[in-house]
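Some notes on the structure that comes next.
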There are 2 protein chains.
Amino acid sequence: MRKQSTLLAIGIVLSLWAGQAWSTAQEPIQPVEPAIVKDPAKVELGKKLFFDPRLSRSGAISCNSCHNLAMGGSDNLKASIGHKWQQGGINSPTVLNSSLNIAQFWDGRAKDLREQAGGPIENPMEMASTHELAVQVLNSIPGYRAEFKQVFGKDSITIGEVTSALAAFEETLVTPNSRFDQWLKGDKKALTVRELGGYELFKNSGCVACHNGVAVGGNSFQKMGLVTPYVTENKAEGRAAVTGKDADRFNFKVPTLRNVALTYPYFHDGEAATLTQAVDVMGRLQLGRTFTPDENAQIVAFLKTLTGDQPVIQYPVLPPSEDDTPRPEPFVK
Amino acid sequence: MRKQSTLLAIGIVLSLWAGQAWSTAQEPIQPVEPAIVKDPAKVELGKKLFFDPRLSRSGAISCNSCHNLAMGGSDNLKASIGHKWQQGGINSPTVLNSSLNIAQFWDGRAKDLREQAGGPIENPMEMASTHELAVQVLNSIPGYRAEFKQVFGKDSITIGEVTSALAAFEETLVTPNSRFDQWLKGDKKALTVRELGGYELFKNSGCVACHNGVAVGGNSFQKMGLVTPYVTENKAEGRAAVTGKDADRFNFKVPTLRNVALTYPYFHDGEAATLTQAVDVMGRLQLGRTFTPDENAQIVAFLKTLTGDQPVIQYPVLPPSEDDTPRPEPFVK
């Protein structure tokens, strides 16, 4: 009897150690599922628009410039480069899995992807066009007219259809099959003991309070600098810019941690260059906890398991402009 | 007898009219052949480098920025946008079929694609990096180290391997199977009567004296403004900048006309916005001939048959930077 209970105890310890005792069904993070494409022609059109720099005044900036699908759907810059090399006011969030967000932009001022897509096109700091000019450009291009007609059944293109097609493409940009999701789905060998230890720390320390759900974030607004104020030269006000309420100052949408190893630098001001720095700042400012270097490294090891399969994109061939297409104006004063 | 010879005469006229009497073997233009990929791993590596903005100081400009494979391998701008929005000094030529060129750049200062590829990386007006920095960036990225090792069998990356891989990718960027090439290969229905009429004009007027061979150009240097001087504010000197000889002033590499419908605007200064304008200027300045609107339109119709199959590119997923990778500096003074 003594021997049996000792073995039993060792068994429980071992299975806890290997994470066997967890039920993934009860985990606070759920796997990303592959995209279901309902309207392939609309998605294909949206892809062309996503990569088309003619939506910008300069003819040089596309959606993909700041949300580069070769680089985790981001530009890997602290602040993006806009029209005439203007410095963007906030770090470009990844477009990957953005359909899972509660709202779009760091301050959530757009309710969905479609509403978001219209923003940068007419933002003078970004693509610096207007909806009128962008639509005029597209309407002048026979290849686009034909595709819009096929997708929307109308002869003339409007901005609503442009943003609708862009959103349809962006909805396909999900990243299933990360090692963490393989583990969630039952492959207990998908993670190392150290990565699982990082996940345990991530849960037990409270990171998961905000970074949860399918996107491991993206589903709430939270104050940056909850326990200790966050010091930055960045002027973004966060949610307060939308609600007008002082209480919402510095409330930002919690970023997704999916593919976070690809979406450096971190935070709305891009001031954390590495995951190690980001985990350290989050621990101290949001949780009042200073992670030891080993704890930090374990959490980083876990975060790196959140990189999923990147979307497979055939680079589009864009329909050429016609003689009467408004020309880009990159250098006009 | 009378009737037979009349029928014969009609037959000759008809067959001339339909282009049946031409032997394509004697044509001054030859078809583009598909690329033969000898080293797929090297081509794949070159593709990643071609799309990687980390080869630039800002982290935002890649080879593809000015030689966009979605837009005929060009940027469709008069002058390209370089580091900090500097205005480029000359129109970016297409990268498509560039392996067929006698030399690279408008003035032919690089003897081949490999030599060319090193230029923009360290040009302060363009990507504004240095070969040392670019190589340091790549050497810091484990994904690149592994791929270079696989392709070149060495543990450390040098600029020579970077440009060699870029050139290997660019050599695959040929565009076979244009309608004109289908016609050259014997499909006499591939062109309309009007397009064939344009081709006849193209040959008979002397365009073909410079625009010949597989690339329909790219194989000689010729004076811009041969009959009548070309007036431009553009400061490029042409071949004289390479040879130092006054006689070479305004001698430029004849651009390829392959995919010319996609590579607007035209000329080294990008001042011709449309094919109609380009044909008109070429006729008057190079040939001393003013094409009628109908002749011009016929030649344009022919030129549009030179658009070939665009390269099928799976957009790359770039290996992420590491904590010690030198960070981009887009806004540093």
> What net charge is computed for the residues neighbouring B:Lys47, neighbours being all others with C-beta under 14 Å from the C-beta of B:Lys47, Lys and Arg scored +1, Asp and Glu -1?
Replying inline: -4
>> How far apart, in nanometres, would the label points at B:Gln150 and A:Asp246 be if each is projected 7 angstrom from Cα along the Cα-to-Cβ direction?
In response: 5.9
> Could you give the angle, 0 to 90 degrees to the nearest 10, between helix A:293-303's Cα long axis and the longest principal axis of the Cα atoms of chain A?
Replying inline: 50
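According to the Kirkwood expression over distinct Cα-Cα pairs, how big is the hydrodynamic radius of the protein assembly as shown, in Å?
Numbers: mean 1/r = 0.0363 Å⁻¹.
The answer is 27.5 Å.
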> Looking only at A:Val279, A:Val242, A:Val32, which one moves most when chain A is put into a Gaussian network model with springs between Cα atoms under 10 Å?
Replying inline: A:Val242
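Report the local net charge at B:Phe221: Lys and Arg +1, Asp and Glu -1, summed over other residues whose C-beta lies under 14 Å from its C-beta. Kindly include the intermediate steps, with their values, before the conclusion.
Values: positive: B:Arg109, B:Lys111, B:Lys223, B:Arg239, B:Lys245, B:Arg249, B:Lys253; negative: B:Asp107, B:Glu237, B:Asp248.
Neighbour charge sum, excluding B:Phe221 itself: +4.
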> What are the label-to-label distances in nm, one decimal and shortest first, from B:Gly153 to the same spot in the other copies, with labels 7 Å along Cα to Cβ?
Replying inline: 6.3
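Here is the link list: A:Lys203/A:Lys223; A:Lys111/A:Lys188; A:Lys333/B:Lys333. Which ones come out longer than 31 Å on Cα distance? Numbers along the way, then the final one.
Details: A:Lys203/A:Lys223 19 Å; A:Lys111/A:Lys188 37 Å; A:Lys333/B:Lys333 22 Å.
Checking Cα-Cα distances, A:Lys111/A:Lys188 exceed 31 Å.
What is the ratio of the Cα radius of gyration of segment B:40-170 to 2.2 N^0.38 Å, with N the residue count, to two decimals?
On the way: Rg = 14.0 Å, N = 131, 2.2 N^0.38 = 14.0 Å.
Relative to the 2.2 N^0.38 Å estimate, segment B:40-170 comes out at 1.00.
Report, in deg cm²/dmol and to the nearest 500, the calculated mean residue ellipticity at 222 nm for chain A, where each DSSP H run with n ≥ 4 adds -39500 (n - 2.57) and the sum is divided by the residue count. Write out the running numbers ahead of the final one.
Working: 12 runs with 114 residues, N = 333.
Helices in chain A give a 222 nm mean residue ellipticity of -10000 deg cm²/dmol.
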>> Suppose each label sits 7 Å from its Cα in the direction of the beta carbon; what would the B:Asp323-A:Val332 distance come out to in nanometres?
In response: 4.9
> Extent of segment A:213-333 along each principal axis, from alpha carbon coordinates, in Å, largest to smallest?
Replying inline: 62, 39, 28
> How far is B:Pro34 from itself in the other copies, in nm, if each label sits 7 Å out from Cα along the Cα-Cβ line, shortest first?
Replying inline: 2.7
> By how many degrees, 0 to 90 and rounded to 10, does the Cα axis of helix B:159-170 deviate from the longest principal axis of chain B?
Replying inline: 30
> To the nearest 10 degrees, how steeply does helix B:193-204 sit against the main Cα axis of chain B, on a 0 to 90 scale?
Replying inline: 80
> Taking Rh as the Kirkwood radius computed over C-alpha pairs, what is the Stokes-Einstein D of segment B:117-239 at 10 °C in a medium of viscosity 1.306 mPa s, expressed in µm² per second?
Replying inline: 83
> Remind me, what semi-axes does chain A give for its equivalent ellipsoid, largest first in whole Å, using sqrt of 5 times each Cα gyration tensor eigenvalue?
Replying inline: 42, 24, 15
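Grab the other residues whose beta carbon is less than 14 angstrom from that of A:Tyr144, score K and R as +1, D and E as -1, and report the net.
Working: positive: A:Lys42, A:Lys47, A:Lys48, A:Arg54, A:Arg145, A:Lys149, A:Lys154; negative: A:Glu44, A:Asp52, A:Glu147, A:Asp155, A:Glu161, A:Glu322, A:Asp324.
With Lys, Arg at +1 and Asp, Glu at -1, the net is 0.
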> Which distances in nm, rounded to one decimal and ordered from shortest, link the label point of A:Thr192 to the equivalent label points in the other identical copies, with labels set 7 Å from Cα toward Cβ?
Replying inline: 6.5
> Out of B:Gln222, B:Gln150, B:Gln26, any idea which swings most in a Gaussian network model of chain B, alpha carbons joined below 10 Å?
Replying inline: B:Gln26
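Readers should treat all values here as calculations from the given coordinates under stated rules, not as data from a laboratory. What you are looking at is a predicted structure, and each value in this text was computed from that prediction instead of being measured. Methodologically, a virtual Cβ is constructed for each residue, glycine included, from the backbone with ideal geometry; neighbour enumeration extends over all protein chains shown.
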